[in-house]
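So the structure is just underneath, and the comments pick up after that.
The values are calculated or read from the model by the stated rules, or taken from the named source; none is laboratory data. Given the structure is predicted, the values throughout are model-derived calculations rather than measurements. Neighbour counts run over all protein chains shown; Cβ positions are idealised from the backbone, glycine included. Surface areas here come from the heavy atoms of the whole protein model, side chains and all, with no ligands, DNA or RNA. Shrake-Rupley method; radii C 1.70, N 1.55, O 1.52, S 1.80 Å.
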Amino acid sequence: MKRFFFLSLFALNMLATGIAYAEKADADKPTNVEANQMAYDDVRQVNTFTGDVVLTRGTLIMKAHKMVVTQDPAGYQFATLHAGQGKPASFRQKRDGGANLWIEGEAERIEYDNKADVAKLFSKAKMRRLEGTKVTDEVEGEFISYDNRTEFFAVNNTSSDSSKPGAGRVKAVIQPRNEAKK
């Protein structure tokens, strides 16, 4: 019941702050990838990048130890980012709706679907909404699904070890909003 209450508060807070979408202009930008190595399978349309991988498209920046990108016949891309030793895979993107609004996330594995514009974060998943460098909201769990178009995300905890303290729990931190006083 307590978890439902906090998630309900989080959802209401998200609605109260207004819907801000991921930077629309990013969709029209070219995708640039830097890595230590790359292997390309033209027949299967699979690109594998390894070693300090950095993907940039407009304001979207994704980082990982390894990234596998597949492309469908229509040209849409699907990327799977894998964490390195002690360093999670991550992404950061500017949101529409304000001058300095951002969303960022990290996890052991991130799957990004370019066509649906959805990111799925697996294992030790965390997401933060920011105004500049100030964290406004933060959630964490074992799985987070994030829709960039609507800025809707769902958090689940499917930890296999329920004996750990806090196992099976979703955590959310919702900062108070400071409205301009009249």
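What to note about this one:
- Per-residue ³J(HN,Hα) for segment 39-46, Karplus 6.51 cos²θ - 1.76 cosθ + 1.60, θ = phi - 60°, Hz, x for Gly and Pro: 10, 10, 10, 5, 5, 8, 6, 10
- In this simple spin-label model, placing a label point 7 Å from the Cα along the Cα-to-Cβ direction at both GLU108 and ARG44 gives a separation of 2.3 nm.
- Model label points for VAL54 and LYS115, set 7 angstrom from Cα along the Cα-to-Cβ axis, are 3.1 nm apart.
- Percent of Cα-Cα distances greater than 18 Å, calculated over segment 83-145: 37
- Rounded percent of accessible protein surface that carbon and sulfur make up, segment 91-136, 1.4 Å probe: 47
- Full extension of the segment from LYS87 to VAL33, taken as 0.36 nm per residue of separation minus the current Cα-Cα distance, would add 17.6 nm.
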